[in-house]
Amino acid sequence: MGRAAFDEARFSGDVQFEQVDFTDEVSFGRARFDGGVCFRATRFGSDARFGEMVVAEDIWFDGSDMHAGVWFRQAVLGGALRFQVAEVGGRAVFDGLTAGGDAEFTGVEFREVAGFTGVAVEGEAWFDGTVFHGEARFAKASIAQKAWFDGAVFRQAADFAGATMGQDVSFSDARFERGAGFREANIGGDAEFHRTGIEGDVVFRKATFLRTARLGPLVCAGLLDLSEAVFHSAVTIEAAAKDLRCRRTRWGSTAALRLRHAAVDFGDAVLEFPVSVAGRSRPFVSDDGTQPDEPGLTDPRVRVTSLRGTDAAHLVLADVDLTDCLFAETVHLDQLRLEGRCPLPEVPAGMHRRRWLPVRWTRRRTLIEEHHWRAARQHTHGWTPAPADTDIREPAALAPVYRQLRKALEDGKNEPGAADFYYGEMEMRRHDRESPWGERALLLLYWAASGYGLRATRALGWLLLAMTATVLAMMVWGVPKDDPAPRSTGQVTGTGFTLTTDKADPVNPEGPYRRRLSDERFEKSLRVVINSVVFRSSGQDLTTAGTYIEMTSRILEPALIGLTLLAVRGRVKR
């Protein structure tokens, strides 16, 4: 047949077109079929148009050839659509199609754009093995039951924006060569991506997951975007991606994120129930026991980059890298749980110069925000500078962050791990220019004496230095020239005898200082200092200067011993 026009025709019963060759354009626009219709072994040499047609029952395309385009815009089918066509050579438009049963497109090869925008399928939809050479447009499509895309190939972008999947959707063994978009999609069941090859990004921005219990395992060399998505049920997400974005994501139930390779942005997320983010050291395993390849993913770490604005009361982080994590503005940070190995940035190693002074930083874990602040200060080197789009926080804002993290670790019985956060908190208070100068001076003294009670070697060094200085001071000024000998005098009275014993005042040493540094004077001075360390009086005769030196030593040196013991206790406390 050449050009065939069945527009607005009405067929009262079942219709079958078998081995018909339409060499030119054929049109069934607004045609009505009171029964079903079948195109078996039919050849369409030009465009086939079925726009706004109405079929009461099923419509079949069995073994047909379509060398040009096909149009089903706004068609209404009371039953199923069986589109068993090997290839569609032109544009395929199913926009607005309504099917009362299933829709099957298994193994079809769409050479150009395939549009399913606004499609409504009351049953299941099969696209197993379907190849989309052009764009695949499923925007606002609605599939009431399961949707199968196993083995499908999307050579261009796949757009599922606003689509509704009433039950499970499966992309096992499928391949996305330009990424996939599920913006504002509604997914009623699980979303499976077993052995799915994805090049580009996968976007679930503002998507709604109603009863999704499992998302993945998904391997994506680009971005997996779950920003502003809503999860209404308990879900397990398994993903190996370069980046995972969960900004303003709402978790309405428990969730477990098992991740590999990803840099995770959890900024402004809303957690109503416990949510765990855990790094996995081994690849995911599919239901059949196979492990998917992870092309393009080389960094084995799972890195959390931001928790800003997130309510961390229900958040658990396990075996994730926090080196670049932004903690400022996090809510309920003191209730955050850290499990496993969660490394944080450390201070620069080795010797550095601050202006003309050599500086060696004490090793400790810090926040990346402190790195940003110190790197922004003039003449401070070795710290990580802030990216261009990141605000630099002042010490007044960082001190509460350190305090809450310290409390979080202390509540988890990790007191030694909380010590670095206490050190960071005191550092920020010491550098806070808005604090009273007296408080900052006291903190400076505390830092210099013992590193805020956390540096045992520093306190011990000051103790040895103080003892050495006290010994020298005693030898030079404190120990008298000679030990004064007691002198007794007696007096006879009419009724008895009175004996009085006096002792002369100690005489200050004389002569050159070098003569005063003798072995005998050293032994006496050392005895005085050792007794002072244990807060005891030596009973030794001392000059006036020596008395004051001993009093100062009895206060200062026991305090340094206490700071040393406090520092050791802070590192071994259980």
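What follows draws every value from the coordinates through simple rules; no lab data is involved. As the structure is a computational prediction, the values presented were derived from the model and not from experiment. With ideal geometry, Cβ positions are generated from the backbone for all residues, glycine too; neighbour counts draw on all protein chains shown.
Numerical summary
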{"item": "Interchain or long-range residues, amide H under 5 Å from Val264's placed H", "result": "Leu244, Arg303, Val304, Thr305"}
{"item": "Three-way shape call for segment 47-101 based on the alpha-carbon gyration tensor, with the a/c threshold at 1.5", "result": "oblate"}
{"item": "Taking N as its residue count, the alpha carbon Rg of segment 399-472 over 2.2 N^0.38 Å", "result": "1.32"}
{"item": "Furthest towards positive pole of dipole, Ala545, Gly78, Gly252, structure part the chain, Cβ charges", "result": "Ala545"}
{"item": "Pairwise Lys count, the chain - Cα closer than 21 Å, eight or more residues apart or different chains", "result": "7"}
{"item": "Cα-centre dipole for the chain with unit charges at Cβ (Lys and Arg positive, Asp and Glu negative), debye to 20", "result": "4200 debye"}
{"item": "The chain: C-alpha gyration tensor shape, a/c 1.5 cut-off, then a/b vs b/c", "result": "prolate"}
{"item": "Neighbour-count ranking [beta-carbon atoms within 10 angstrom, fewest first] of Tyr402, Tyr452", "result": "Tyr452, Tyr402"}
{"item": "For segment 196-215 and segment 299-335, distance of Cα centres in Å", "result": "22 Å"}
{"item": "Rough spin-label spacing in nm, given labels placed 7 Å along Cα→Cβ, for Ser435 and Val54", "result": "8.0 nm"}
{"item": "Share, in percent, of DSSP beta bridges within the chain that are antiparallel, nearest 5", "result": "10 percent"}
{"item": "Glu87/Ile392 FRET efficiency (R0 60 Å; Cβ-Cβ; nearest 0.05)", "result": "0.55"}
{"item": "For Asp159, net neighbour charge (Lys/Arg +1, Asp/Glu -1) across residues whose Cβ lies under 9 Å away", "result": "+1"}
{"item": "Segment 153-246 shape via C-alpha gyration tensor axes, a/c threshold 1.5", "result": "rounded"}
{"item": "Simple label model, 7 Å out from Cα along Cβ direction - Gln335 to Ala41, nm", "result": "7.1 nm"}
{"item": "Fraction of alpha-carbon pairs over 28 Å apart in segment 326-485 - percent", "result": "33 percent"}
{"item": "Cut-off under 5 Å, modelled amide H: who pairs with Leu218 long-range", "result": "Glu238, Ala239, Ala240"}
